[in-house]
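Here's the structure, in structure tokens; my notes come after.
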Amino acid sequence: MEPRIHIVTLGVRDLERSTRFYKDGLGFPTTRKPDAGIIFFQTGGCCLALYPVEKLAEDVGPDFPNERARFSGITLAHNTRSKEEVDAVLARAERAGARIEKPAQDVFWGGYSGYFSDPDGYLWEVAYSDGWQFNPDGSLIID
């Protein structure tokens with residue numbers, strides 16, 4: 001298997017609400033409408049998809065449970081080029097309806113980060129490190 005991820009799909013309770021949050025609130029680009037049944041956002045290096053949670057669980061298997069614990073053990077990350085951008089992204093997410101779970105602050109690994117949760121409780125870390133470099137398409141360079 002080649003080491004890459006093409007799509008991350010979030011199971012959401014309200015496709016229209018989540019589409020508004022990501023498209024209108026955070027500015028993620030898409031040409032899809034909720035009546036299509038699934039939304040795809042093209043992001044740098046990977047696609048983010050939104051799909052009704054009960055249909056996603058059904059796709060896994062007819063008896064697969066669709067309940068989630070408050071903390072699933074998974075976070076998504078958006079890395080920035082400056083501390084100020086971390087603050088700006090968190091503020092934008094909050095205006096869009098996100099809940100700030102951890103305000104931005106200097107962190108133990110030497111960077112600066114904070115967390116928000118989207119309308120379905122998915123956790124996003126917004127982080128900066130002066131040691132990070134980015135490709136021209138905005139994807140993070142990992143040594």
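A short reminder: the numbers here are calculations on the coordinates, not readings from a lab. None of these values were measured; they are calculated from a predicted model. All Cβ positions, even for glycine, are placed from backbone atoms using ideal geometry, and neighbour counts span all protein chains on display.
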#### Entry: DSSP bridge pairs, the range 69-134: antiparallel proportion in percent, nearest 5
65 percent
### Task
Under 15 Å from the Cβ of residue 81, count the other residues' Cβ atoms, weight Lys and Arg +1, Asp and Glu -1, and hand me the total.
-4
### Task
Enumerate the residues in the range 1-45 having an amide nitrogen under 12 Å from the point lying 7 Å beyond the Cα of residue 88 toward its Cβ.
none
### Task
Only Lys, Arg, Asp and Glu count, each charged at its Cβ (+1, +1, -1, -1), so figure out the dipole size of the range 1-62 about its Cα centre, rounded to 20 debye.
200 debye
### Task
Determine which residues of the range 10-37 fall in the zone a paramagnetic label at residue 43 would reach in this model, i.e. backbone nitrogen under 18 Å from the point 7 Å along Cα→Cβ.
10-32
### Task
Report, to the nearest 10°, how far helix 83-95 tilts away from the longest principal axis of the Cα atoms in the chain, using its own Cα long axis and a range of 0 to 90°.
30 degrees
## Note on the structure
The answer for residue 79, listing residues at least 5 apart or on another chain whose modeled amide H is closer than 5 Å to its amide H, is 127
#### Entry: Counted charge near residue 96, where neighbours are those whose Cβ lies closer than 12 Å (Asp, Glu -1; Lys, Arg +1)
+3
### Relative exposure of 8, 89, judged by other C-beta atoms within 10 Å (fewest first)
8, 89
### Message
Compute the distance from the alpha-carbon center of the range 95-143 to that of the range 59-77, in whole Å.
### Response
22 Å
### Task
Would you work out which of 44, 61, 15 lies farthest towards the positive end of the dipole of the range 1-62, given +1 charges on the beta-carbon of Lys and Arg and -1 on that of Asp and Glu, about the Cα centre?
44
### Task
Only one of the values (1) 137; (2) 111; (3) 96 was calculated from this structure for volume of the Cα convex hull per residue in Å³; name its label.
(1)
### Query
Of 77, 98, 69, which has the largest mean-square fluctuation in a 10 Å C-alpha GNM of the chain?
69
### Message
Connecting C-alpha atoms closer than 10 Å in a GNM of the chain, tell me which of 25, 111, 61 has the biggest fluctuation.
### Response
61
#### Entry: Packing-based exposure ordering (other Cβ within 10 Å, fewest first) of 109, 132, 124
109, 132, 124
### Query
Looking at this model, which pairs from 55/83; 23/102; 55/102; 33/83 are more than 28 angstrom apart at the alpha-carbon?
55/83; 55/102; 33/83
### Cβ-based exposure ranking for 51, 22, in which fewest neighbours within 10 Å come first
51, 22
### Task
Using the charge dipole of the chain (Lys, Arg: +1 at Cβ; Asp, Glu: -1 at Cβ; taken about the Cα centre), state which of 89, 109, 131 has its Cα farthest towards the positive end.
89
